[in-house]
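Input: a single structure, listed below in structure tokens.
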Amino acid sequence: MVSHAWCRALCAGLCPAAPRRLQGWGSAAFSSRSPSSSTNDEFLKEKRAQIMSRGLPKQKPIEGVKQVLVFASGKGGVGKSTTAVNIALALAAHDSTKAVGLLDADVYGPSIPRMMNLKGNPELSPKNLMRPLKNYGIACMSMGFLVEETAPVVWRGLMVMSAIEKLLRQVDWGQLDYLVIDMPPGTGDVQLSVSQNIPVTGAVIVSTPQDIALLDAHKGAEMFRKVHVPVLGLVQNMSVFQCPKCKHETHIFGADGVRDLAKTLGLDVLGDIPLHVNIRETCDAGQPIVISQPQSDMAKAYLRIATEIVKRLPTPPA
């Protein structure tokens, strides 16, 4: 079993509060550093300079993974993780012969363990690789499996990139047709690290129709274009609220904002997800709606989006 030694090992060289020397999985990648803040800052600057001098990393596929799909939003709080989880399950439901994995790339705020009802530490393979935890037929990996649920991850950008590299490269994914990556909000270190280190088949941008959310969704789509990642389309989340009593529909976050953005960007809208309490409650309970209520209108909306995504994917390598 993997203990929290993995995270402590990751911190050993870069976190001023970490012990000077730690043994354990992954610890050889980092040397001990002085706990003084100034020394640590100098070390980080030196490491960044070394990385920048090398130029862009050469993309290398993840062993055993045929296609990688990233779900991004630009802004937090728009339901991206909920969408990523349900779409991963919908991809598996769309074609039962396909193996699907789910990577939680949000190091600071991992939510996949709760949504997928998974707890515990991953086991190690004979090759010293972490084995993903599985539920509902989906192989999952998250920083949430390696730290306590309530423990904050107080890391600088360089440590986050190192963690992402390990979550991508030091995991025994087996053979996957699709690896769905739930990206953190923003257009920073994690997005660049993932986009530049592995070949990404396509990105899906999730946003509410609200103007403020659309501003960041626009930036997210443009960022992927800059790093030559195909944007498959946009998902309009929380598109409409229907009163459970009178059935009156209200566009709480605005109407058709994502469609307008899609036209501006020359992209497709993959589908709409309504604002419904069952979507929130099922994910909070670790029983996503695609699994727990497969005949519901909400689950069918996710299934339609999964179908649209598959239509836009290139033929995977043999």
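The values are calculated or read from the model by the stated rules, or taken from the named source; none is laboratory data. Just so it is clear, the model here is predicted, and its values are computed rather than measured. Positions of Cβ are backbone-derived with ideal geometry, glycine not excepted, and every protein chain shown enters the neighbour counts. Just the protein is used for accessible areas: all its heavy atoms, side chains included, with ligands, DNA and RNA removed. Shrake-Rupley method; radii C 1.70, N 1.55, O 1.52, S 1.80 Å.
Brief remarks follow.
- Classified by the C-alpha gyration tensor, the stretch 136-204 has an oblate form. Its axis ratio a/c, with a ≥ b ≥ c, is 1.5 or above, and a/b does not exceed b/c.
- For the stretch 113-175, the fraction of 1.4 Å probe accessible surface lying on carbon and sulfur atoms is 48 percent.
- Ligands, DNA and RNA are left out, and with a 1.4 angstrom probe the accessible area of the stretch 125-179 is 43 Å² per residue.
- Checking every one of the trypsin sites (Lys or Arg not before Pro) in the stretch 147-253 against DSSP loop status and a limit of 10 other Cβ atoms within 10 Å picks out K245, K247.
- Listed by chain and number, the aspartates and glutamates whose alpha-carbon sits under 15 Å from that of K47, ignoring those within fewer than 8 places in the same chain, are D189.
- Sorting the segments 139-145, 289-295, 118-124 by their mean number of nearby beta carbons within 10 angstrom, highest to lowest, gives 139-145, 289-295, 118-124.
- Gyration tensor verdict on the stretch 234-318 (Cα atoms; rounded if a/c is under 1.5, prolate if a/b is larger than b/c, oblate otherwise): oblate
- Computed over protein heavy atoms with a 1.4 Å probe, the carbon and sulfur contribution to the accessible area of the stretch 260-318 reaches 51%.
- Cα gyration tensor, the stretch 71-198 - rounded (a/c under 1.5), prolate or oblate: rounded
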